[in-house]
Amino acid sequence: MLSKISIAIWDLGATKCAVGLVEYDPATEQFKFIRDTTLHLNEFFSLEDLTEGLEKNLNVSFSEIDKILIAGAGIYDGQTLNLTNGFPYPMTFARLAASRAWSSMNVVHDYVPIICATFMANLKDESQLHVVKAGTWNQYARRVVFGLGTGLGFKDGVLLDKKRFWLGGNEIGHMGVPLPPAASQKEKQIHEEFMSFLRTQAEVGRHALPITFEKILSGPGLSRLHQFVTAAKQHLLPHEVGDLLRAGEAQETLSLFAWYLGLLIGTLELVFMPAGGVWMTGGVLLKHANVVRHPQLKRGILASPAYLEERASFPLILMHDKNLVFLGGAYYTVYAV
């Protein structure tokens, strides 16, 4: 009889680390979520200190786990996970795994578990997913997943036979915002005025960072949207704008946010033609899930009108079960070739 396999999946972002434990039964090919914990990186002094905190919360030693998957923001050079804006301390995973005698450790792009989670998700399970647009389901077609949080993460992939898969290596967070070809005159005017406004922002303008979807839809993007809409001299923090959105007191901001989200979705549809669906997640979206029901979302999608007949069949799905990322990570660990 085959023994069950214990798997730990780290979901490591720039500010937080969530770790989930999953059990895989080779006899039934079933995955079982066990438990998880989340810690803020700045509450610890080193990667070793963080690891001990995670082990304490999970009541397990990672040296007892069969397989460990680190899904992290940044680029892994074989020794250290490096992030452009920097972690609060070095993420020296190779040294950590060796010093703690981990039996198996792999470091991958942070959206690998999320795209793999789409291979396992149940489209009829409303506790896992919200189907924004059903479309025509094609299990073996290309699919894309993106998430709005501190940044804008992305991955595309295809499910193959025998539970194998192919994953792309694309990045879209830093993609420039296009001038939509079929927006109304009013929408084009607002878009051009907003682009001009962003160029005046010290951290975004022409002498600093380029104007990308990430600068509008993730992190402080909501603050920039709200400041533009309200013509305020000082901007609110993202969580303050979030409070207004949830209270229904920033409808114009929500409308513009929905339109740019739709513009991103339409752009991804044209770039990837994902008949397997566009899948969305991330802290910003999950906190403001009503944005996917806003009529301006569809307006933004239709602002790029080419191949609309084909694109009408692409499903649009919001993933809101946080355990899916751990199950997807376990799937990758078991079936990656």
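General observations
- Residues considered: Glu23, Glu29. Of these, the only one that is modelled with pLDDT under 95 and over 22 Å from Leu148 (Cα atoms) is Glu29.
- Criterion: farther than 22 Å from Gln189 by Cβ, charged (D, E, K, R) and touching a strand residue (DSSP E or B) at 6+ places or on another chain (Cβ under 9 Å) - qualifying residue of Glu269, Glu309: Glu269
- For Ala14, the criteria (1) open to solvent by 30 Å² or more (accessible area, probe 1.4 Å); (2) of a type in the set (A, V, I, L, M, F, W, C); (3) more than 23 Å from the chain's Cα centre (by Cα) hold in every case but one, which is (3).
- Some residue of region 291-306 being open to solvent by less than 30 Å² (accessible area, probe 1.4 Å) and outside any helix (DSSP H, G or I): yes
- Only a single criterion out of (1) free of Cβ contacts under 8 Å to residues at least 24 places away in the same chain; (2) more than 30 Å from Asp125 (Cα to Cα) is not satisfied by Glu309, namely (2).
- Scanning region 126-160 for residues that are surrounded by 23 or more Cβ atoms within 10 Å (Cβ to Cβ), among the basic types (Lys, Arg) and at pLDDT 95 or above gives a single hit, Arg143.
- Region 307-321 - residue that is exposed (fewer than 15 other Cβ atoms within 10 Å of the Cβ) and among the charged types (D, E, K, R) and, of those, nearest to Phe146 (Cα to Cα): Glu310
- Some residue of region 267-287 being open to solvent by less than 10 Å² (accessible area, probe 1.4 Å) and of a type in the set (Phe, Trp, Tyr): yes
- Tally of residues being farther than 28 Å from Gly221 by Cβ, touching a residue at least 60 places away in the same chain (Cβ under 8 Å) and not in a strand (DSSP E or B) across region 126-167: 10
- Test: residue in region 236-250 that is surrounded by fewer than 21 Cβ atoms within 10 Å (Cβ to Cβ), over 22 Å from Met195 (Cβ atoms) and in contact with a Gly (Cβ under 7 Å, 6 or more places away or on another chain): no
- Pairs meeting the criteria (first residue in region 30-43 and more than 10 Å from Gly20 (Cβ to Cβ), second residue open to solvent by less than 40 Å² (accessible area, probe 1.4 Å), beta carbons under 6 Å, at least 6 apart or on different chains) are Phe31/Val22; Phe31/Tyr24; Phe31/Leu327; Phe31/Ala330; Leu39/Cys17; Leu39/Gly53.
The values are calculated or read from the model by the stated rules, or taken from the named source; none is laboratory data. The structure displayed is predicted, hence computed values, not measured ones. Using ideal geometry, Cβ is built from the backbone for each residue, glycine included, and neighbour counts are taken over all protein chains shown. Note: accessible area is taken over every heavy atom of the protein model, side chains too, but ligands, DNA and RNA are not part of it. Shrake-Rupley method; radii C 1.70, N 1.55, O 1.52, S 1.80 Å.
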